Number of protein chains: 2
Amino acid sequence: MRQFVVVGHDAPTTDAFPLDDLPSAAGRLDVLCRCVNSALFLSHGIRDARVHLVLADSYTLTVDGATVRNLNPDERSTAARIRNALAARDEAIGHMPAKPSPGVELRRMGLVPTLDRLDGTLVELHEDGTPLADADPIANPVFVLSDHRDFTDEEANLLADRAGARLRVGPELLHADHAITVAHNWLDTDGYAHY
Amino acid sequence: MRQFVVVGHDAPTTDAFPLDDLPSAAGRLDVLCRCVNSALFLSHGIRDARVHLVLADSYTLTVDGATVRNLNPDERSTAARIRNALAARDEAIGHMPAKPSPGVELRRMGLVPTLDRLDGTLVELHEDGTPLADADPIANPVFVLSDHRDFTDEEANLLADRAGARLRVGPELLHADHAITVAHNWLDTDGYAHY
């Protein structure tokens, strides 16, 4: 299965944010919503993939494409789902998640324990990585991406230590949601093999 | 230059729509907003590309990455820009556009005259097309995509007649904005050549 971890440095950790101002008042939650979209949506269905949003290194919200229901592709409705999950944050105790709706889980953990609990090959997207066209497809990849900010030095060192692959999506630096779309297409086409 | 034409079948043709309900009350304007995002945004800049949104075959709104100012990646603020342009629709007379802000033009024309006025090679994205990995990059491509609906038979016949290339983005059918991201990446990497 493909998984995507997106680090939201400024993301909210309570449900006290407005849906009308995702870029500012909600700490660029618009970026994270678009990442949910690109990780899970196909034209006529939902991918069997999981996306994990790390919210200010305090909570991690997971959306599982295989079991989520009534997910819509627009930013606002996805932000509302995240807000509902954060409203249930007191139900996340220790490593037991809150489960506000099918396929949505909120855990009280930041980046390190989130990476600890995910199986698969951790993939770092990096401008010095192997170009996708030169790389072999990866089974059970866990792509780790950052929101509108760069990874902190600490995060970058962590990824460098743990990554099983370092890939480059192209000569242009892309938004996280665009990088997810490219990664999916690369895997869909078996590493750009003829298909 | 790369250009993207997105056919919005249910898109609004006046500014009487709410920013709080883009998927329903604004005729899936969320899809078109995401297409503007994927056509123009890089991580740290705006692409020198143009996106043309055909609104219910009545108006075409063009956003020029080279000259647009203060564009943000979120759906709501892009929808507000589209709404402002539609509020100036009476200034679009004959083939003279309304110019509500730098880099944004609204023309009173549907799909056919829009395609007539664009220079470049019309590219049809089609499930029976040549896989991107097997196709040579195209100079000055004009990609034509549809919103959440399929092209009508009339539109599909028009594209089949006019297309200089028919390409397939992958084995999975993608949302229009995701297809734009993949097309950009394919061109960025010179047709998936080593880069």
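The values are calculated or read from the model by the stated rules, or taken from the named source; none is laboratory data. Please read these numbers as outputs of a predicted model, since none were measured by experiment. Positions of Cβ are generated from backbone atoms using ideal geometry, with glycine treated the same way; all protein chains shown enter the neighbour counts. Ligands, DNA and RNA are excluded from the accessible area calculation, which covers all protein heavy atoms including side chains. Shrake-Rupley method; radii C 1.70, N 1.55, O 1.52, S 1.80 Å.
Which condition number does A:Asp150 fail, the rest of (1) out of contact with any strand residue (DSSP E or B) (no Cβ under 7 Å at 6 or more places or on another chain); (2) under 18 Å from A:Gly27 (Cβ atoms); (3) modelled with pLDDT of 95 or more being met?
All conditions are met except number (3).
Mind listing whichever residues of the range A:119-150 are in contact with a helix residue (DSSP H, G or I) (Cβ under 7 Å, 6 or more places away or on another chain) and within 25 Å of A:Ala56 (Cβ to Cβ)?
A:Leu122, A:Glu124, A:Leu125, A:Phe143, A:Val144, A:Leu145, A:Ser146, A:Asp147, A:His148, listed by residue number.
Which count do you get for residues in the range B:166-185 that are over 17 Å from the mean Cα position of the chain (by Cα) and of a type in the set (A, V, I, L, M, F, W, C)?
1
Residues to consider are A:Leu174, A:Leu86, A:Leu158; find the one that is closer than 21 Å to A:Gly65 by Cα and modelled with pLDDT of 95 or more.
On the way: A:Leu174 fails: closer than 21 Å to A:Gly65 by Cα; A:Leu158 fails: closer than 21 Å to A:Gly65 by Cα.
Just one listed residue meets the conditions, A:Leu86.
On the given criteria, is A:Asp64 open to solvent by less than 60 Å² (accessible area, probe 1.4 Å), acidic (Asp, Glu), under 15 Å from the mean Cα position of the chain (by Cα) and closer than 23 Å to A:Leu115 by Cβ? Break it down into steps so the answer makes sense when it comes.
Numbers: open to solvent by less than 60 Å² (accessible area, probe 1.4 Å): yes; acidic (Asp, Glu): yes; under 15 Å from the mean Cα position of the chain (by Cα): yes; closer than 23 Å to A:Leu115 by Cβ: yes.
Here the answer is yes, as A:Asp64 does meet what is asked.
Conditions: (1) open to solvent by less than 10 Å² (accessible area, probe 1.4 Å); (2) closer than 27 Å to A:His175 by Cα. B:Leu106 meets all but one. Number of the miss?
(2)
Can you work out which of the residues in the range B:51-101 that are part of a strand (DSSP E or B), among the polar types (S, T, N, Q) and touching a residue at least 40 places away in the same chain (Cβ under 8 Å) is farthest from A:Pro23 (Cα to Cα)?
The initial filter retains those residues of the range B:51-101 that are part of a strand (DSSP E or B), namely B:51-55, B:59-64, B:93, B:96, B:98-101.
Checking the rest, the ones that are also among the polar types (S, T, N, Q) come to B:60, B:62, B:101.
Still in the list and also touching a residue at least 40 places away in the same chain (Cβ under 8 Å): B:60, B:62.
On the way: B:Thr60: 27, B:Thr62: 24 Å.
This residue is B:Thr60.
Could you list, in sequence order, the residues of the range A:25-50 that are part of a loop (DSSP other than H, G, I, E, B), within 19 Å of B:Ser77 (Cβ to Cβ) and at pLDDT 95 or above?
Initial filter on the range A:25-50 (part of a loop (DSSP other than H, G, I, E, B)): A:25-28, A:43-44, A:47-48.
In the following step, the residues that additionally are within 19 Å of B:Ser77 (Cβ to Cβ) were identified as A:25-28.
Within the range A:25-50, just A:Arg28 meets the criteria.
For B:Ile180, only one of the following conditions fails: (1) open to solvent by 10 Å² or more (accessible area, probe 1.4 Å); (2) touching a residue at least 40 places away in the same chain (Cβ under 8 Å). What is its number?
Every condition holds for B:Ile180 apart from (1).
Identify, please: which residue in the range A:1-27 is open to solvent by 50 Å² or more (accessible area, probe 1.4 Å) and within 20 Å of A:Phe151 (Cα to Cα) and is, among those, farthest from the other protein chains (Cβ to nearest Cβ)?
Among them, the one singled out is A:Asp10.
Could you run through the range A:38-58 and say how many residues are open to solvent by 20 Å² or more (accessible area, probe 1.4 Å) and either more than 14 Å from chain B (Cβ to nearest Cβ) or among the β-branched types (Val, Ile, Thr) (or both)?
So the answer is 5.
Mind listing whichever residues of the range B:153-170 are open to solvent by 60 Å² or more (accessible area, probe 1.4 Å) and closer than 28 Å to A:Ile46 by Cα?
B:Asp153, B:Arg166
Kindly indicate the residue of the range B:118-136 that is assigned to a loop (DSSP other than H, G, I, E, B) and open to solvent by less than 60 Å² (accessible area, probe 1.4 Å) and also farthest from B:Gln3 (Cα to Cα) among those meeting that condition.
Filtering the range B:118-136 for residues that are assigned to a loop (DSSP other than H, G, I, E, B) and open to solvent by less than 60 Å² (accessible area, probe 1.4 Å), the one farthest from B:Gln3 (Cα to Cα) comes out as B:Ala135.
Every residue in the range A:147-177 that is closer than 27 Å to B:Asp134 by Cβ, free of Cβ contacts under 8 Å to residues at least 24 places away in the same chain and among the charged types (D, E, K, R), please.
Passing the criteria: only A:Glu172.
Would you confirm, using the coordinates I've provided, whether B:Asp147 is of a type outside the set (Ser, Thr, Tyr), open to solvent by 10 Å² or more (accessible area, probe 1.4 Å) and farther than 27 Å from B:Ser77 by Cβ?
no
Report whether or not A:Val169 is facing chain B (nearest Cβ under 8 Å), on the phi < 0 side of the Ramachandran plot and out of contact with any Phe, Trp or Tyr (no Cβ under 7 Å at 6 or more places or on another chain).
Against the criterion (facing chain B (nearest Cβ under 8 Å), on the phi < 0 side of the Ramachandran plot and out of contact with any Phe, Trp or Tyr (no Cβ under 7 Å at 6 or more places or on another chain)), A:Val169 qualifies.
If A:Val144 meets every condition in (1) under 27 Å from B:His175 (Cβ atoms); (2) free of Cβ contacts under 8 Å to residues at least 12 places away in the same chain apart from one, which number is that one?
All conditions pass for A:Val144, except number (2).
Output the residues belonging to the range B:73-96 that are of a type in the set (Gly, Ala, Ser) and open to solvent by 10 Å² or more (accessible area, probe 1.4 Å).
Once the filter is applied, which keeps residues that are of a type in the set (Gly, Ala, Ser) and open to solvent by 10 Å² or more (accessible area, probe 1.4 Å), the range B:73-96 yields B:Ser77, B:Ala80, B:Ala87, B:Ala88, B:Gly94.
Taking the condition of being in contact with a strand residue (DSSP E or B) (Cβ under 7 Å, 6 or more places away or on another chain) and facing chain B (nearest Cβ under 10 Å), how many residues in the range A:59-86 meet it?
Here the count works out to 1.
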